[in-house]
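Here's the structure we're looking at; comments come further down.
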Amino acid sequence: MPSLKENFSTVLSTYDVKKPARQSSLIAPWLGIERTPSGMSQRVGNYLEDLFALDMGVQNKLSETDFKSGRNYMITHNGIDHQIDMLAMPSDWEKFKKYLHRELKTNTDLDRGKKRDTLEREQAICAWMESKGWVYDSGIFCPFFYNEGKNVSGLGWVDGLQWYVDTFKPSWTIQDFKDLGRDPDTHRKLGLI
């Protein structure tokens with residue numbers, strides 16, 4: 001009977017062990033650290049949702065969701081509650097009364113199930129907006145794609161930070177956002193130093 005070590009060697013021989021591991025988050029490179037401490041990626045993702053909501057000012061329309069649960073803005077569609085990350089009406093869209101919805105993702109290297117869940121949530125939110133008679137634009141946003149965005153397998157087009165800057169015209173630049181992640185004060189506030 002093979003030993004535990006022999007069985008493990010047999011299993012490893014069936015894998016490409018030199019294949020780089022999936023990058024679990026784009027937050028660590030933004031912060032300029034090797035890896036985020038356990039549980040920090042989700043928290044920073046929540047902080048960024050709140051940051052962008054605050055940054056949009058009057059363009060932010062999260063208050064038009066069905067209800068708020070803690071810090072989360074929620075809608076109910078077909079008896080299921082869904083959190084909405086971004087709901088806005090950019091200033092130059094007001095004449096059309098067109099809403100903008102984005103699911104904010106700090107990690108797009110998701111397994112098939114999480115990608116499916118993301119797309120199903122987006123479909124439910126779109127159906128909810130349609131039920132309100134809204135004209136809308138819906139998609140996914142990753143602030144760590146510093147360009148317009150890119151196609152991500154299983155998710156489709158994911159907007160990047162340049163899209164956000166072009167759409168909402170904030171008072172800051174992409175470089176300012178990059179610098180925010182590397183700022184020692186940000187690291188102190190996050191408990192990294």
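Can you tell which of Glu34, Glu120, Glu94, Glu103 is free of Cβ contacts under 8 Å to residues at least 24 places away in the same chain and closer than 23 Å to Val152 by Cα?
Selected residue: Glu120, the only one of Glu34, Glu120, Glu94, Glu103 that is free of Cβ contacts under 8 Å to residues at least 24 places away in the same chain and closer than 23 Å to Val152 by Cα.
Go through (1) touching a helix residue (DSSP H, G or I) at 6+ places or on another chain (Cβ under 8 Å); (2) surrounded by fewer than 17 Cβ atoms within 10 Å (Cβ to Cβ); (3) under 24 Å from Thr173 (Cα atoms) one by one and return the number of the condition Tyr47 breaks.
The failed condition is (1).
Consider Ile84 carefully, then state whether it is touching a helix residue (DSSP H, G or I) at 6+ places or on another chain (Cβ under 9 Å), surrounded by fewer than 19 Cβ atoms within 10 Å (Cβ to Cβ), in contact (Cβ under 8 Å) with a residue 12 or more places away in the chain and of a type outside the set (S, T, N, Q).
Considered against the rule, which asks whether it is touching a helix residue (DSSP H, G or I) at 6+ places or on another chain (Cβ under 9 Å), surrounded by fewer than 19 Cβ atoms within 10 Å (Cβ to Cβ), in contact (Cβ under 8 Å) with a residue 12 or more places away in the chain and of a type outside the set (S, T, N, Q), Ile84 comes out as no.
Are any of the residues in the range 89-103 in contact with a Gly (Cβ under 7 Å, 6 or more places away or on another chain), part of a strand (DSSP E or B) and under 25 Å from Val165 (Cα atoms)?
The answer is yes, given that some residue of the range 89-103 is in contact with a Gly (Cβ under 7 Å, 6 or more places away or on another chain), part of a strand (DSSP E or B) and under 25 Å from Val165 (Cα atoms).
Does at least one position in the range 140-148 carry a residue that is surrounded by fewer than 19 Cβ atoms within 10 Å (Cβ to Cβ), without any contact (Cβ under 8 Å) to a residue 40 or more places away in the chain and touching a strand residue (DSSP E or B) at 6+ places or on another chain (Cβ under 6 Å)?
No, every residue in the range 140-148 fails to be surrounded by fewer than 19 Cβ atoms within 10 Å (Cβ to Cβ), without any contact (Cβ under 8 Å) to a residue 40 or more places away in the chain and touching a strand residue (DSSP E or B) at 6+ places or on another chain (Cβ under 6 Å).
Which residue pairs have Cβ atoms closer than 8 Å, lie 6 or more positions apart in sequence or on different chains, and pair a first residue in the range 167-191 that is of a type in the set (A, V, I, L, M) with a second residue that is surrounded by 14 or more Cβ atoms within 10 Å (Cβ to Cβ) and assigned to a helix (DSSP H, G or I)?
Ile174/Leu161; Ile174/Gln162; Ile174/Val165; Leu180/Thr186; Leu190/Leu31; Leu190/Met40; Leu190/Val44
Can you give me the number of residues within the range 104-127 that are part of a helix (DSSP H, G or I) and closer than 18 Å to Asp50 by Cα?
So the count comes out to 0.
Answer with yes or no whether Lys105 is surrounded by 15 or more Cβ atoms within 10 Å (Cβ to Cβ), under 25 Å from Gly57 (Cα atoms) and among the charged types (D, E, K, R).
yes
Answer yes or no as to whether Val165 is assigned to a strand (DSSP E or B) and surrounded by 15 or more Cβ atoms within 10 Å (Cβ to Cβ).
Here the answer is no, as Val165 does not meet what is asked.
No value in this document is a laboratory result; all are computed from the given coordinates. Source: prediction; values computed, not measured. Here Cβ is always computed from backbone atoms with ideal geometry, including for glycine, and neighbour counts include all displayed protein chains.
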